[in-house]
Amino acid sequence: MADSPLFELAIERHIAAPPDRVWDVMTTRIEEWWCPKPWRAEAIEQDWRPGGRSAMVMHGPNGERSEGEGVFLEVVPGQRFVFTDAFRAGWIPQTPFMVGWFELTPDGDGTRYRAGARHWDAEKCAEHKAMGFEDGWRAAAAQLAALAEQA
């Protein structure tokens, strides 16, 4: 059987703060960086363990509301977390859109931040790209960097 494509979108950047500080900000101040301003994030629950619930609501400046519900697939403190919306807590299947991942690695006196999303098919990947994946995820990364670099 041939390897299947990943249908992946990804970004990366350097953050001028050590990985432990970036991880702390990522996980304890998620509402402050998760979505690009003027949108704001509301963390309903972030149970930082494999199988734990990840539930967020993003609120737009004109009253828009985007709910996200999923589970963590992998959590390696200080290094990486992976989540999916293919399941709700309790491994209850739901219509999937993506698997999201965030990685931190030491990079000189700072951190190499990589984040991305893998999709089930080319159509969902293209939809996510058209939604503004690159600009949105880069803006969120910049917000994270600003918080971590000032901490």
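The values are calculated or read from the model by the stated rules, or taken from the named source; none is laboratory data. In this text the structure is predicted, and so the values were computed from the model without any measurement. Note: ideal-geometry Cβ built from the backbone for every residue, glycine included; neighbour counts use all protein chains shown. Note: accessible area is taken over every heavy atom of the protein model, side chains too, but ligands, DNA and RNA are not part of it. Shrake-Rupley method; radii C 1.70, N 1.55, O 1.52, S 1.80 Å.
Here the Debye sum runs over all C-alpha atoms of segment 61-151 as equal scatterers in vacuum, and log10 of I(q)/I(0) at q = 0.10, 0.12, 0.23 Å⁻¹ comes out as -0.33, -0.47, -1.31.
Ligands, DNA and RNA left out, the 1.4 Å accessible surface of the chain is 52% carbon and sulfur atoms. Other residues lying with their Cβ under 13 Å from the Cβ of residue 25 contribute a combined charge of -3, Lys and Arg counting +1, Asp and Glu -1. Per the Debye calculation on segment 103-151 with a single equal scatterer at every Cα and no solvent contribution, log₁₀ I(q)/I(0) for q = 0.15, 0.22 Å⁻¹ amounts to -0.52, -0.85. Pop the C-beta distance of residue 40 and residue 123 into the FRET formula with R0 = 25 Å and round what comes out to the nearest 0.05. The pair residue 40/residue 123 has a calculated efficiency of 0.30.
In the full protein context, segment 57-151 carries 52 Å² of accessible surface per residue, based on a 1.4 Å probe and ignoring ligands, DNA and RNA. Charge tally around residue 122: other residues with Cβ under 14 Å, Lys/Arg +1 each, Asp/Glu -1 each, net -1.
Length gained on full extension, residue 58 to residue 95: 11.4 nm, using 0.36 nm per residue less the C-alpha separation.
Maximal additional length on extending the residue 80-residue 29 stretch stands at 16.7 nm, based on 0.36 nm per residue less the C-alpha distance.
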